[in-house]
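The values are calculated or read from the model by the stated rules, or taken from the named source; none is laboratory data. Quantities reported herein were computed from a predicted structural model and do not represent experimental measurements. Neighbour counts run over all protein chains shown; Cβ positions are idealised from the backbone, glycine included.
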Amino acid sequence: MLKVGLTGGIAVGKSVVGEMFVAFGVQLMQADQLSHELMQPGARVYKQVVRHFGTGILNPDGTVNRPRLAEAAFGSANQPSRVQELNQIVHPAVIQRQREWMEEIGQHDPKAIAMIEAALILEADFADDFDRLIVVTCRPEQRIQRWAQRLRVDEETARREVTRRMAAQLSDQDKVKAADYVIDNSGSLDETKKHVSTIYQKLKLETLRLLGTNPDFDAH
């Protein structure tokens with residue numbers, strides 16, 4: 001089995017790229033969805049987050065209000081960032097579950113490509129868990145436009161939020177330096193899909209080489 005990390009900065013289109021890999025047959029786990037599940041009422045991570053950040057981050061039904069948690073974690077002009085505190089609570093549980101998931105995939109299908117999509121693979125010092133690391137990038141203004149469309153906010157609000165969150169992440173340049181493959185998601189979806197297809201073929205070949213199988217084949 002080949003373990004692959006898929007990462008990149010905020011609003012570069014990691015989820016879109018991940019879905020393209022899934023269409024080719026890659027097994028994918030999204031760290032953001034996993035962290036959401038781990039913060040459901042009653043879960044250990046949920047209890048720790050509420051204890052640390054207070055009940056002000058909760059909805060009336062007791063679930064975590066993610067925008068309020070983000071506001072509490074990333075800080076504002078009047079409040080310092082506490083994102084590292086949040087990461088210290090969430091990351092260990094997320095990483096443990098990701099490792100268990102990759103192990104399960106490998107036991108079920110030794111020829112599989114198991115991919116973790118996560119924004120903070122490098123920041124969480126999790127990169128060594130992977131055989132290959134893919135970094136997604138796009139133009140800075142596209143991040144703002146995509147965030148504005150996703151959250152249905154104006155571009156100035158999106159710019160402030162993207163800038164704030166980027167301050168808690170490594171720069172694109174640092175991520176690219178650590179990458180085995182880079183996908184520029186600045187163009188059309190068709191262009192991105194072609195790039196994904198090329199990388200998928202290479203990953204499939206690498207999987208066979210790990211198994212000691214003759215890589216002379218049609219990767220599809």
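If you take the residues of the range 93-127 that are over 24 Å from Thr207 (Cβ atoms) and touching a residue at least 40 places away in the same chain (Cβ under 8 Å), which of them is surrounded by the most Cβ atoms within 10 Å (Cβ to Cβ)?
Out of the qualifying residues, it is Val94.
Quick one: is Ile199 at pLDDT 95 or above, in contact with a strand residue (DSSP E or B) (Cβ under 6 Å, 6 or more places away or on another chain), in a helix (DSSP H, G or I) and surrounded by 15 or more Cβ atoms within 10 Å (Cβ to Cβ)?
Yes; evaluated as a whole, the condition is true for this residue.
Quick one: is Ala114 closer than 14 Å to Ala31 by Cβ and among the aliphatic types (A, V, I, L, M)?
yes
Every residue, every condition in (1) over 30 Å from Pro67 (Cβ atoms); (2) modelled with pLDDT of 95 or more, yes or no:
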| position | (1), (2) |
| --- | --- |
| Asp125 | no, no |
| Thr163 | no, no |
| Asp174 | no, yes |
| Leu203 | yes, yes |
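Just one of Val49, Val4, Val16, Val90 is surrounded by 15 or more Cβ atoms within 10 Å (Cβ to Cβ) and within 18 Å of Trp147 (Cβ to Cβ); which is it?
Matching residue, one of Val49, Val4, Val16, Val90: Val16.
State whether one or more residues within the range 203-219 are part of a helix (DSSP H, G or I), of a type in the set (Lys, Arg) and within 17 Å of Ile113 (Cβ to Cβ).
Yes: one or more hits.
I need the helices (runs of 4 or more DSSP H) fully contained in the range 1-92, keeping only those with at least 2 residues that are touching a residue at least 24 places away in the same chain (Cβ under 8 Å) and among the β-branched types (Val, Ile, Thr).
14-23, 44-53
Which residues, taken from the range 146-184, are out of contact with any Ser or Thr (no Cβ under 8 Å at 6 or more places or on another chain), among the hydrophobic types (A, V, I, L, M, F, W, C), in contact (Cβ under 8 Å) with a residue 24 or more places away in the chain and outside any helix (DSSP H, G or I)?
Leu170, Ala179 - these are the residues of the range 146-184 that are out of contact with any Ser or Thr (no Cβ under 8 Å at 6 or more places or on another chain), among the hydrophobic types (A, V, I, L, M, F, W, C), in contact (Cβ under 8 Å) with a residue 24 or more places away in the chain and outside any helix (DSSP H, G or I).
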